[in-house]
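Enquirer: Have a look at this one.
The values are calculated or read from the model by the stated rules, or taken from the named source; none is laboratory data. Small disclaimer: the values here were computed from a predicted structure and weren't measured. FYI the Cβ positions are ideal-geometry reconstructions off the backbone, even for glycines, and counts take in every protein chain you see. The area values use the complete protein model at the heavy-atom level, side chains included, leaving out ligands, DNA and RNA. Shrake-Rupley method; radii C 1.70, N 1.55, O 1.52, S 1.80 Å.
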Amino acid sequence: MEKKNIDWENLGFGYIQTDKRYVANYKDGKWDEGGLTDDANIVMNECAGVLQYAQTVFEGMKAYTTEDGRIVTFRPDLNAARMVDSAKRLEMPVFPEDRFVDAVVQTVKANAAYVPPYGSGATLYIRPYMFGINPVIGVKPADEYQFRVFTTPVGPYFKGGAKPITICVSDFDRAAPHGTGHIKAGLNYAMSLHAIVTAHANGFDENMYLDSATRTKVEETGGANFIFVTKDNKIVTPHSDTILPSITRRSIMYVAEHYLGLEVEERDVYFDEVKDFAECGLCGTAAVISPVGKVVDHGKEICFPSGMEKMGPTTQKLYDTLTGIQMGHIEAPEGWLKVIE
């Protein structure tokens with residue numbers, strides 16, 4: 001398929017409307033057959049459940065052009081499973097996992113002309129999401145829902161390479177114990193907006209959230225999970241029931257152990273020990289890994305030995321290996337790449 005006339009090399013990380021999107025509706029206790037549509041707009045009642053009580057969940061993933069010209073997505077089955085968990089927590093009907101993957105495949109295939117070419121540094125971002133659409137005025141779950149998938153081509157998260165960022169310890173709490181921090185719900189991101197705007201206004205790139213119960217343990221940033229590298233080259237990531245289980249993080253930990261032969265550990269990470277790590281990074285779909293050079297705790301700086309100029313050596317190996325798998329340079333574990341065409 002001939003690609004769209006887009007300046008792939010200079011794409012930003014923003015929304016560009018593509019030709020098709022997938023839509024399925026839930027009514028009277030069941031999902032309809034769903035399908036693709038040209039219409040990018042959503043029409044709903046002014047009292048729709050999503051507008052009144054934020055009953056919405058979503059996922060984020062990418063499609064890539066590999067070195068040999070295939071279009072692939074990365075572990076969409078895990079996104080499907082995570083949306084099931086999110087939907088259950090917000091009392092929404094589950095969209096079947098096999099149908100989720102099929103909807104992603106249909107949408108990417110229909111927008112294949114927007115999948116950036118190999119070597120451009122750009123990718124096709126995929127956003128599956130679901131929301132309550134019928135009128136709801138009392139505080140209760142909606143009765144009708146819509147599941148949709150749209151795509152948009154995006155440039156690399158970091159132009160000119162990933163420079164280490166500076167983050168601050170946030171005064172705000174991200175998620176309460178027994179709350180919704182472990183699911184990908186819109187409400188979690190809405191509450192993080194003030195915190196990130198505040199961080200940016202104070203000259204920081206991101207927030208480090210601590211656990212709300214004791215404020216002694218590292219959790220995540222609100223949009224990404226943490227990974228740390230010890231001085232003896234062990235990979236450590238925080239464990240918490242209020243952290244969103246990142247698919248990128250899970251993949252990085254597998255790569256560290258099975259491709260690079262490193263010891264890995266998921267455990268409580270106390271803020272007091274952050275100063276003792278050799279490297280730090282944030283991992284997620286958008287950037288894969290964002291290196292952290294400095295953490296500032298109310299004026300007190302923690303500077304990692306890896307510095308502010310480039311990724312630390314172990315973080316770089318993790319990044320290169322995982323992106324190599326995604327782009328087809330390195331053989332992927334079975335089931336990690338879903339070939340679209």
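Enquirer: Please list 3J(HN,Hα) in residue order for the range 281-287, calculated via the Karplus relation 6.51 cos²θ - 1.76 cosθ + 1.60 where θ = phi - 60°; whole Hz, with x for glycine and proline.
Expert: x, 10, 10, x, 4, 4, 9
Enquirer: Can you give the net charge of the other residues whose Cβ lies under 12 Å from the Cβ of SER251, counting K and R as +1 and D and E as -1?
Expert: Cβ neighbours under 12 Å give a net charge of +2.
Enquirer: Please identify the helices of the chain, taking whole runs of DSSP H, that span at least 18 Å along their own axis as judged from the Cα atoms and have a mean Kyte-Doolittle score of 0.5 or higher.
Expert: 186-201
Enquirer: With θ set to phi - 60°, apply the Karplus curve 6.51 cos²θ - 1.76 cosθ + 1.60 along the range 331-341 and write out the HN-Hα couplings as whole Hz, x wherever there is a Gly or Pro.
Expert: So the Karplus estimates, Gly and Pro as x, are 4, 8, x, 4, x, 6, 10, 9, 7, 8, 6 Hz.
Enquirer: Run the accessible area of the range 96-168 with a 1.4 Å probe and give the carbon-and-sulfur part as a rounded percent.
Expert: 56 percent
Enquirer: Using helices alone, what [θ] at 222 nm do you get for the chain, with -39,500 (n - 2.57) per DSSP H run of 4 or more residues, divided over all residues and rounded to the nearest 500?
Expert: -7000 deg cm²/dmol
Enquirer: Let me ask something else. List the lysines whose alpha-carbon lies under 27 Å from that of LYS4, not counting same-chain residues fewer than 8 positions away?
Expert: Cα-Cα hits under 27 Å: LYS20, LYS62, LYS109, LYS159, LYS338.
Enquirer: Using a probe radius of 1.4 Å on heavy atoms only, what accessible surface per residue do you get for the range 232-341? Whole Å² is fine.
Expert: It amounts to 46 Å² per residue over the range 232-341.
Enquirer: Let me ask another. Under a straight-distance cross-link criterion of Cα-Cα below 20 Å, which aspartates and glutamates are reachable from LYS30, leaving out those fewer than 8 residues away in the same chain?
Expert: ASP85, GLU91, GLU97, ASP98, ASP102, ASP143, GLU144
Enquirer: Then there's this: Per residue, what accessible area does the range 1-43 have, given a 1.4 Å probe and all protein chains present, in Å²?
Expert: I get 73 Å² per residue for this part.
Enquirer: Net charge near VAL264: determine it from the other residues with C-beta under 9 Å of the C-beta of VAL264, scoring Lys and Arg +1 and Asp and Glu -1.
Expert: -3
Enquirer: Under 24 Å between alpha carbons, and skipping anything fewer than 8 positions from LYS231 in its own chain: which lysines qualify?
Expert: Those lysines meeting the cut-off are LYS163, LYS217, LYS275, LYS294, LYS300, LYS310, LYS317.
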